[in-house]
1. Among 12, 44, 71, 22, which is the only one that is assigned to a helix (DSSP H, G or I) and exposed (fewer than 14 other Cβ atoms within 10 Å of the Cβ)?
2. What's the number of the only condition in (1) surrounded by 12 or more Cβ atoms within 10 Å (Cβ to Cβ); (2) modelled with pLDDT under 95; (3) assigned to a helix (DSSP H, G or I) that residue 78 fails to meet?
3. Working only within region 55-68, note down all residues that are on the phi > 0 side of the Ramachandran plot and outside any loop (DSSP other than H, G, I, E, B).
4. Of all residues in region 55-68 being out of contact with any strand residue (DSSP E or B) (no Cβ under 6 Å at 6 or more places or on another chain) and farther than 19 Å from residue 20 by Cα, which is surrounded by the fewest Cβ atoms within 10 Å (Cβ to Cβ)?
5. (1) modelled with pLDDT of 95 or more; (2) touching a helix residue (DSSP H, G or I) at 6+ places or on another chain (Cβ under 7 Å); (3) in a loop (DSSP other than H, G, I, E, B): which one isn't true of residue 52, the others all being true?
6. List pairs: first residue in region 72-85 and under 15 Å from residue 39 (Cβ atoms), second residue modelled with pLDDT under 90 and in a loop (DSSP other than H, G, I, E, B) anywhere in the structure, Cβ distance under 7 angstrom, at least six positions apart or on different chains.
C-alpha cells in the first residue's frame, strides 16, 4: 500500500518509485489521506502514476484526496483529469 505524508519536490523521486512499484504489484487505488504537504511536483506525480497504470492496462484511482491537492489541481485546470473514487 502506498504510504506517503508528502508529495513535494524533495521526495518526488522516491515517491515516484514507490508508486510505480505499487502499480507494478497490482495496486489500483492510492489512498492520499496521509498526505499533508504537496506542491506542483505532487500533482505531476499523480499524473505520472495514472499514466503508468494506464500503460499497464490498469485504472488507478485516488481516494481521500486532501484539499491542498484539490486546490492545486483546480489551479492548474486539471479538474476531471485525476480518477477518484
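The values are calculated or read from the model by the stated rules, or taken from the named source; none is laboratory data. Keep in mind that this is a model prediction, so the values were computed, not measured. Here the Cβ positions follow ideal geometry from the backbone for every residue, glycine too, while neighbour counts run over all protein chains shown.
1. 71
2. (3) is the only condition that residue 78 fails.
3. The answer is none; no residue qualifies.
4. The selected residue is 67.
5. Residue 52 satisfies all of (1) modelled with pLDDT of 95 or more; (2) touching a helix residue (DSSP H, G or I) at 6+ places or on another chain (Cβ under 7 Å); (3) in a loop (DSSP other than H, G, I, E, B) except (3).
6. Note: pairs meeting the criteria are 73/79; 73/82.
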